[in-house]
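All remarks here apply to the structure that follows.
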Amino acid sequence: MPPRKATHQQTKQHNRDLVLKTIFSHESISRAEIARVTKLTRATVSDMVANLVDEGLVEEIGYGESIGGKAPILLSLVADARYLVGLNLAQDKFIGSVVNLLGEIKETVEFPVDESDGEQALQLIYKILDQLTESEWKPIVGIGIGTPGLVNTREGVVVNAVNLDWQDLPLARLLETRYSLPITVLNDSQATAIGEFVYGDGHHSEDNLIVVTVKHGIGAGILINGSLFQGDGGGAGEIGHVVVQENGTLCRCGKHGCLETVASARAVVQRVADLASEYSNSELANSPQNISLDAIEDAWGENDPLAQKVIFDAAFALGKSIAHLVGALNIQKIVLTGDMVRFGESWLRTVQEAMSDAALTRIAQDTQIEIGKLEFRGCILGASAFMLLKDYSLLFTQD
Ligand SMILES: [Zn+2]
């Protein structure tokens, strides 16, 4: 079948998206530069810009440097022209924020969550979104959700989230019905990866990046040429439930010895408790009732032998798993984020060394692992940015 010719309206929409996307990805830019980048004519660019200024999305912010002749007028996105809502369905609490077009968080609401009750968890999402959609920040043009578990983003369905007791939950449809807004549902590690990519330091639109989130669970988000790679079933980057120890500890997914049973924040607390009786010289062993991630961090700072054993084991297992990602993808920049980054430089160094030992030397030596910049905000910002980057038409007023 021959391709259908684009209608005039479709071409116009496409050109508007293109111009807006170009302005969005530059701090400031002139009309001439937009024409050069987009390969649209100067006249078309001027038309599109005039419409965007009318809609309040773009403004003139002054003059750029002249390269002979008149100094060009610079354009910039109006950060507060539209708002998005991002949600991070974290392990022990749900956090939601209103975010502007530059990823600045305007308002945040959070509530503790009872992990095991799926219906209650859903009610809590409604409670957060009711509050945020009725806040002073208007207009809100979409809601992005980062949730643990396996997600079918295209259908907006949470296929399986063990800790929240959700199976095949049509989350996007439920929320669309209630709020009449476009909804995007993403795996939380994937959302975090987008957040770090868009709002972290020094990434360019065509870069590759892996972001590994290490908290109660472990997952990676993979960006290839600046786009999220989700795999055929949405589960790309699910390294947390790959077995790394034969006959290891029972995991919440039903398998034994998953990476999460060694390297996650939950596993570290559990292992310290399990091994306490073998470490009578450890501070932690003296007060087993107080074993928590904070207590382990303190002990780690004082070179406690039990804390060292468990944290180095965790870092080592994580590094080896990352080596598999490096071997498969040869992506040279890897960012770590989540609760475990609190263990700092020597934890990070162990992860890097374990990766280097396990991967091909020539590939590993060009691979850098570093700590992310955004903490819990990464998931919120990524969930909201994803829908924007996917669909710039969200920003246009519907007429
Ligand atoms: Zn598992």
**Message:** Just to be sure I understand, how many residues within the range 278-307 are over 22 Å from Leu318 (Cα atoms), in contact (Cβ under 8 Å) with a residue 24 or more places away in the chain and small (Gly, Ala, Ser)?
**Reply:** 1
**Fill in**
Residue pairs qualifying under the 6 Å Cβ cut-off, at least six apart or on distinct chains, with the first in the range 321-342 being farther than 30 Å from Asp298 by Cβ and the second being open to solvent by less than 10 Å² (accessible area, probe 1.4 Å) and part of a loop (DSSP other than H, G, I, E, B), are Val326/Thr367; Gln332/Thr367
**Request:** Hey, could you check the range 209-223 for residues that are more than 12 Å from the chain's Cα centre (by Cα) and at pLDDT 95 or above and say which is farthest from the ligand (Cβ to nearest atom)?
**Result:** Val214
**Message:** Quick test for you: out of Asn100, Asn88, pick the one residue that is touching a residue at least 60 places away in the same chain (Cβ under 8 Å) and surrounded by 13 or more Cβ atoms within 10 Å (Cβ to Cβ).
**Reply:** Asn88
**Request:** Residues being surrounded by 14 or more Cβ atoms within 10 Å (Cβ to Cβ) and assigned to a loop (DSSP other than H, G, I, E, B): count how many of those fall in the range 24-72.
**Result:** 8
**Message:** Condition first: surrounded by fewer than 20 Cβ atoms within 10 Å (Cβ to Cβ) and under 10 Å from Val269 (Cα atoms). Now tell me which residues in the range 292-306 satisfy that.
**Reply:** Ser292, Leu293, Asp294, Ala295
**Prompt:** Of all residues in the range 233-277, how many are in contact (Cβ under 8 Å) with a residue 24 or more places away in the chain, more than 16 Å from the ligand (Cβ to nearest atom) and closer than 18 Å to Ile311 by Cα?
**Reply:** 4
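What are the residues in the range 252-305 that are of a type in the set (A, V, I, L, M, F, W, C), at pLDDT below 90 and within 19 Å of Asp339 (Cα to Cα), if any?
Passing the criteria: none in range.
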**Prompt:** Looking at the range 120-162, which of its residues are out of contact with any strand residue (DSSP E or B) (no Cβ under 7 Å at 6 or more places or on another chain) and among the hydroxyl-bearing types (Ser, Thr, Tyr)?
**Reply:** Tyr126
**Fill in**
Residue count, the range 318-347, condition at negative phi and over 20 Å from the mean Cα position of the chain (by Cα), comes to 10
**Request:** Search the range 252-277 for residues being in contact with a His (Cβ under 7 Å, 6 or more places away or on another chain) and open to solvent by 10 Å² or more (accessible area, probe 1.4 Å), and hand back the single one that is farthest from Glu206 (Cα to Cα).
**Result:** Lys255
**Prompt:** Which members of the range 343-369 meet the condition of being open to solvent by 80 Å² or more (accessible area, probe 1.4 Å) and in a helix (DSSP H, G or I)?
**Reply:** Glu345, Arg349, Glu353, Asp357, Thr361, Arg362
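The values are calculated or read from the model by the stated rules, or taken from the named source; none is laboratory data. Worth saying up front: this structure is predicted, and the values here are computed from it rather than measured. For neighbour counting, all protein chains shown are included, and Cβ atoms are generated from backbone atoms with ideal geometry for every residue, glycine included. For the accessible areas, the whole protein counts, side chains as well, though only heavy atoms, and no ligand, DNA or RNA atoms are used. Shrake-Rupley method; radii C 1.70, N 1.55, O 1.52, S 1.80 Å.
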